[in-house]
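**Student:** Attaching a single structure in structure tokens format; questions to follow.
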Amino acid sequence: DAGVTQSPTHLIKTRGQQVTLRCSPKSGHDTVSWYQQALGQGPQFIFQYYEEEERQRGNFPDRFSGHQFPNYSSELNVNALLLGDSALYLCASSLERNTEAFFGQGTRLTVV
Amino acid sequence: GQQVMQIPQYQHVQEGEDFTTYCNSSTTLSNIQWYKQRPGGHPVFLIQLVKSGEVKKQKRLTFQFGEAKKNSSLHITATQTTDVGTYFCAGLRGGKLIFGQGTELSVKP
């Protein structure tokens, strides 16, 4: 049983570019959440998807958007990249919104 | 806004010593979860506390949830080198999991 998988593992982008990160949840999980983790900080909640809809959103600008597909996998899109968007992006899946979250290994995004 | 504060930020202990990290929320939480993140790794779920005043134990780890459901603690007895990592509390409120800044634990053999 595969856990949460994320792709790519590392990515380098230039300021102003757009990026798409992908996540496949743990088998049987229907809820996907995305987090941004800056170096030395705790993960910051970006948003959560359930039944293909954004259910909760953290304090992130509209440049951050997402999508969930019928198979529960999810994408995180970031437009007009800024240097400050450099971070580890974590995807977490759960069966229901109030249960434990299983995290993927993350995508390390570097914006230059 | 909603905040979860965690102290201390760093803790260096000698192997065999005890370790405690504390977590405080500005608002009442539905539940609190604890995660461990090894260097270069991703957060791994340790436990979830739901009830006011709840205490749970996992071998050398003891987790507590405050009576007001605003604070929590993790205590590790007789630390081992395998305990090294950053411990995060995460409060659930309104469907959002709000993480503390984490406590980085280093253990000197």
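**Student:** Please report the accessible area of A:THR99 (heavy atoms, 1.4 Å probe, ligands and nucleic acids excluded) in Å², nearest 10.
**Tutor:** Near enough 50 Å² of accessible area.
**Student:** Let's test this: bin the Cα-Cα distances of chain B at 10 Å from zero up to the farthest pair and state each bin's percent.
**Tutor:** Going out from 0 Å in 10 Å bins, chain B shows 16, 50, 28, 5, 0 percent.
**Student:** Turning to a different aspect of this structure: Between the range B:1-71 and the range A:14-70, how many Å separate their Cα centres?
**Tutor:** 24 Å
**Student:** Here is a follow-up. Using C-alpha positions alone, give me the convex hull volume of the protein assembly as shown per residue in cubic angstrom.
**Tutor:** Values: hull volume 26.6 nm³, N = 221.
Cα-based convex hull of the protein assembly as shown, divided per residue, equals 120 Å³.
**Student:** So if I place +1 on the C-beta of Lys and Arg and -1 on the C-beta of Asp and Glu, and nothing else carries charge, what would the dipole magnitude of the range B:23-90 be about its Cα centre? I want it in debye, nearest 20. Write out the running numbers ahead of the final one.
**Tutor:** Numbers: 9 positive and 3 negative charges, 27 e Å.
Charge dipole, the range B:23-90, about its Cα centre: 140 debye, nearest 20.
**Student:** Right, another one. Just reorder A:ARG57, A:ARG22, A:ARG15 by solvent-accessible area, largest first, 1.4 Å probe, all chains present.
**Tutor:** Numbers: A:ARG57 60, A:ARG22 115, A:ARG15 150 Å².
Ranked from most to least accessible, the order is A:ARG15, A:ARG22, A:ARG57.
**Student:** Considering only DSSP states other than H, G, I, E and B, which GluC sites (Glu not before Pro) in the range B:1-75 qualify as loop sites with at most 14 other Cβ atoms within 10 Å? Each step should come with its number before you reach the end.
**Tutor:** Working: sites: B:GLU15, B:GLU17, B:GLU54, B:GLU67; in loops: B:GLU15, B:GLU17, B:GLU54, B:GLU67.
In loop regions of the range B:1-75 (DSSP not H, G, I, E or B), the sparsely surrounded GluC sites (Glu not before Pro) are B:GLU15, B:GLU17, B:GLU67.
**Student:** Counting other C-beta atoms within 10 Å, and keeping those with at most 11, which DSSP coil trypsin sites (Lys or Arg not before Pro) do you find in the range B:1-84?
**Tutor:** On the way: sites: B:LYS36, B:LYS51, B:LYS56, B:LYS57, B:LYS59, B:ARG60, B:LYS69, B:LYS70; in loops: B:LYS51, B:LYS59, B:ARG60, B:LYS69, B:LYS70.
Passing sites in the range B:1-84 are B:LYS51, B:LYS59.
**Student:** Something else: At 1.4 Å probe size, put A:ASP85, A:ASP62 in order of accessible surface, largest to smallest. Please list the in-between numbers first.
**Tutor:** Working: A:ASP85 10, A:ASP62 135 Å².
In descending accessible area the options line up as A:ASP62, A:ASP85.
**Student:** Taking just the alpha-carbon atoms of chain A, what radius of gyration and Dmax come out, in angstrom?
**Tutor:** My reading of the Cα-based Rg and Dmax gives 13.0, 38 Å.
**Student:** On a 29 Å Cα-Cα criterion, which of the cross-link pairs A:LYS13/B:LYS108; B:LYS57/B:LYS108; A:LYS13/B:LYS70; B:LYS59/B:LYS108; A:LYS26/B:LYS51 come out too long?
**Tutor:** Values: A:LYS13/B:LYS108 39 Å; B:LYS57/B:LYS108 24 Å; A:LYS13/B:LYS70 40 Å; B:LYS59/B:LYS108 21 Å; A:LYS26/B:LYS51 27 Å.
Beyond 29 Å between Cα atoms: A:LYS13/B:LYS108; A:LYS13/B:LYS70.
**Student:** Measuring from centroid to centroid over Cα atoms, what is the spacing of the range B:81-102 and the range A:87-112 in Å?
**Tutor:** The range B:81-102 and the range A:87-112 have Cα centres separated by 13 Å.
The values are calculated or read from the model by the stated rules, or taken from the named source; none is laboratory data. Here the structure is a predicted model, which means the values were calculated and not measured. All Cβ positions, glycine included, derive from the backbone under ideal geometry; neighbour counts span all protein chains shown. The protein model used for the area step is the full one, side chains on, heavy atoms only, and it has no ligands, DNA or RNA in it. Shrake-Rupley method; radii C 1.70, N 1.55, O 1.52, S 1.80 Å.
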